[in-house]
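The values are calculated or read from the model by the stated rules, or taken from the named source; none is laboratory data. All values derive from a computational prediction rather than experimental measurement. When we count neighbours, we look across all protein chains shown, and the Cβ atoms used for this are built from the backbone with ideal geometry, even at glycine. Please note that ligands, DNA and RNA were not included when accessible areas were found on the heavy atoms of the full protein model with its side chains. Shrake-Rupley method; radii C 1.70, N 1.55, O 1.52, S 1.80 Å.
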Amino acid sequence: DAGVTQSPTHLIKTRGQHVTLRCSPISGHKSVSWYQQVLGQGPQFIFQYYEKEERGRGNFPDRFSARQFPNYSSELNVNALLLGDSALYLCASSWRADRELVSTEAFFGQGTRLTVV
Amino acid sequence: AQSVTQLGSHVSVSEGALVLLRCNYSSSVPPYLFWYVQYPNQGLQLLLKYTTGATLVKGINGFEAEFKKSETSFHLTKPSAHMSDAAEYFCAVSNSGGYQKVTFGTGTKLQVIP
């Protein structure tokens, strides 16, 4: 089975531009989460989606948005890019988001390296 | 609120020596704890996880961790370091608030000296 796949793997954008990152979860997984990992730091939670609804949001500005599609794939959108948005963006999928299975591990993709110049 | 603190941003060990990476957590509810490894320019791979039950958890590649509630710790160990263990290791805690927000520590880079 394929793991979590993210595209593109690398991306260079100019300040002020918009970017869309894509993620396909492991087959059968209904929950997708997005994380930002700035160089030298641990990943920071951005969003979680389950069954196409936003179930959790981290401390990120409204320039960041996401959505989940009927096939459970997901897009992360960032508007008005800033230099500080340069990071590795990680997508993680897991079975479910409900309380009983909250301990289910998250499987991470290889990430998209975004560089804003 | 939940958080993890990893003590030591860089750890160096000799090949064959004991690996000990320290992690302390803070959680208002019973935590779910994880250790992830990240190789350069790659995503995160789960080493092991603690949910409930046995407090000594065994993971992949010979790693294990012990959940100590009284010390709020979840340290990662491996009896004998291998060159291939050189990577960055992240301790993480997951909430039980109805969705799976994982909070990561700042990471510990492990260097293995031949």
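Summary of values
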item	result
Tally of residues being closer than 21 Å to A:Gln41 by Cβ and touching a helix residue (DSSP H, G or I) at 6+ places or on another chain (Cβ under 7 Å) across the stretch B:15-70	1
All positions within the stretch B:45-80 that are in contact with a Cys (Cβ under 9 Å, 6 or more places away or on another chain) and surrounded by 20 or more Cβ atoms within 10 Å (Cβ to Cβ)	B:Ala65, B:Phe74, B:Leu76
Count of the stretch A:54-80 residues which are within 10 Å of chain B (Cβ to nearest Cβ) and either more than 26 Å from B:Phe90 (Cα to Cα) or open to solvent by 50 Å² or more (accessible area, probe 1.4 Å) (or both)	3
Among residues of the stretch A:31-57, those that are touching a residue at least 12 places away in the same chain (Cβ under 8 Å), within 26 Å of B:Gly8 (Cα to Cα) and in a loop (DSSP other than H, G, I, E, B), counted	3
Hey, A:Gly84 at pLDDT 95 or above, under 23 Å from B:Gln38 (Cα atoms) and loosely packed, with under 15 Cβ neighbours inside 10 Å or not	yes
Complete set of residues in the stretch B:81-105 that are open to solvent by 60 Å² or more (accessible area, probe 1.4 Å) and of a type in the set (S, T, N, Q)	B:Ser84
